[in-house]
Amino acid sequence: LVASAAFLCFAASRSRGAYTALAAMEVVITALFFLLYFLKLDKKMSWLFWPLADIFNSVIAALFLLVVCLFAVIIKTNNGTLAGGVFGLVLLVLSVVDAVLLFQKISLDRPRGRNTPAK
């Protein structure tokens, strides 16, 4: 939702293409990961460790968001760009929190599947 809000702010303010493209890309990638987990396709396509791919997505998105949204907030050509930059910085924090929580949840030495306590 935050990525959608940033995208709408950037699109409504007719900001530079990089701002709008990054926000739109994050909306699409987040929606695809949501559908992947919602439809349980990660269980069917077990050849890729999907939580690790989600961590990489969050880290890379955070790096791009840091650069682009800081430029948007610093330059602030209009109020829409400033609002989009602020939403982007909130999304940056959420991406970092997502990466940290996922990294804490996964364990590379345990078998894949449900995290059940050992008996």
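The values are calculated or read from the model by the stated rules, or taken from the named source; none is laboratory data. Everything quoted here is computed from the prediction, not taken from an experiment. A quick note on method: Cβ atoms are made from the backbone with ideal geometry, for glycine too, and the neighbour counts reach across all protein chains shown. The protein model used for the area step is the full one, side chains on, heavy atoms only, and it has no ligands, DNA or RNA in it. Shrake-Rupley method; radii C 1.70, N 1.55, O 1.52, S 1.80 Å.
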Can you find even one residue in region 8-15 that is within 15 Å of the chain's Cα centre (by Cα), part of a helix (DSSP H, G or I) and either among the small types (Gly, Ala, Ser) or on the phi > 0 side of the Ramachandran plot (or both)? no
Go through Asn78, Asn57 for me and flag whichever is assigned by the TED database to the domain that holds Ala99, polar (S, T, N, Q) and open to solvent by 40 Å² or more (accessible area, probe 1.4 Å). Asn78
Please state which one of Leu102, Leu63, Leu91, Leu82 is assigned to a helix (DSSP H, G or I) and touching a residue at least 60 places away in the same chain (Cβ under 8 Å). Leu91
Would you check if there is a residue in region 84-93 being closer than 13 Å to Ala23 by Cα, among the aromatic types (Phe, Trp, Tyr) and either assigned by the TED database to the domain that holds Leu32 or modelled with pLDDT under 85 (or both)? yes
All-but-one check, Ser15 against (1) open to solvent by less than 50 Å² (accessible area, probe 1.4 Å); (2) in the same structural domain as Ala99 (by the TED database), failing number (2)
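Which count do you get for residues in region 24-47 that are open to solvent by less than 80 Å² (accessible area, probe 1.4 Å), hydrophobic (A, V, I, L, M, F, W, C) and in contact with a helix residue (DSSP H, G or I) (Cβ under 8 Å, 6 or more places away or on another chain)?
First, the residues of region 24-47 that are open to solvent by less than 80 Å² (accessible area, probe 1.4 Å): 24, 26-27, 29-31, 33, 36-37, 41-42, 45-46.
This time we only want the ones that are hydrophobic (A, V, I, L, M, F, W, C), so: 24, 27, 29, 31, 33, 36, 41, 45.
Next, only the ones that are in contact with a helix residue (DSSP H, G or I) (Cβ under 8 Å, 6 or more places away or on another chain) stay: 24, 27, 29, 33, 36, 41.
Residues meeting the conditions: 6.
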Does region 43-51 include one or more residues that are on the phi > 0 side of the Ramachandran plot and not β-branched (Val, Ile, Thr)? no
Can you go through Leu52, Leu35 and tell me which one is hydrophobic (A, V, I, L, M, F, W, C), assigned by the TED database to the domain that holds Asp98 and part of a helix (DSSP H, G or I)? Leu52
Selection over region 1-10 where residues are touching a residue at least 12 places away in the same chain (Cβ under 8 Å) and surrounded by fewer than 17 Cβ atoms within 10 Å (Cβ to Cβ) yields a count of 1
For Ala99, the lone unmet condition from (1) modelled with pLDDT under 80; (2) more than 26 Å from Arg14 (Cβ to Cβ) is (1)
